[in-house]
C-alpha cells in the first residue's frame, strides 16, 4: 500500500499539455466531432471539456486516478488507444501516439 502511494505521487507519464491538446484536436477532426465546447463532456474534477465521453473517461483515468498513476509508474500497459472501439493498450503515451499514426492514420506532428 505504501508502494502504491509512492508510485501514485510520481504521477503518470504523459505527453506535454501542448501535445495532448494537438492529439485531442486530431481525434476530434477525424471523428467529425463538433468544435462547440459547450456541447462537450466536462471533467467533474478539473472542468476540462473533452470531445467525447470516451476521451473524458481516458482523461479521468490518466489525469486524476492515483491507481492509474501507480500502474503507469510500474510501466504497465495502461494507456488506452484514443480511438473508441480500438481498445489496444500501451505502456506509454509515445507508443500510443505511434499506434495512432500507424494504425489509425493520424497525421504526424
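Worth a mention:
- Overall form of the range 37-109 per C-alpha gyration tensor (a/c, 1.5; a/b vs b/c): oblate
- Compared with the alpha-carbon gap, the fully stretched path from residue 75 to residue 101 is longer by 7.2 nm at 0.36 nm per residue.
- For residue 64 and residue 21, the difference between the fully extended length at 0.36 nm per residue and the C-alpha to C-alpha distance is 13.8 nm.
- Sequence of 18, 62, 80 once ranked by neighbouring C-beta atoms within 10 Å, starting from the fewest: 18, 80, 62
- Shape class of the range 34-76 from the Cα gyration tensor (axes a ≥ b ≥ c, square roots of the eigenvalues): prolate, since a/c reaches 1.5 or more and a/b is larger than b/c.
The numbers here are math on the coordinates, done by the rules we state, and not lab data. From a predicted model like this one, the values you see are computed outputs, not experimental measurements. Because the Cβ atoms are built from the backbone with ideal geometry, glycine has one as well, and the counts that use them run over all protein chains shown.
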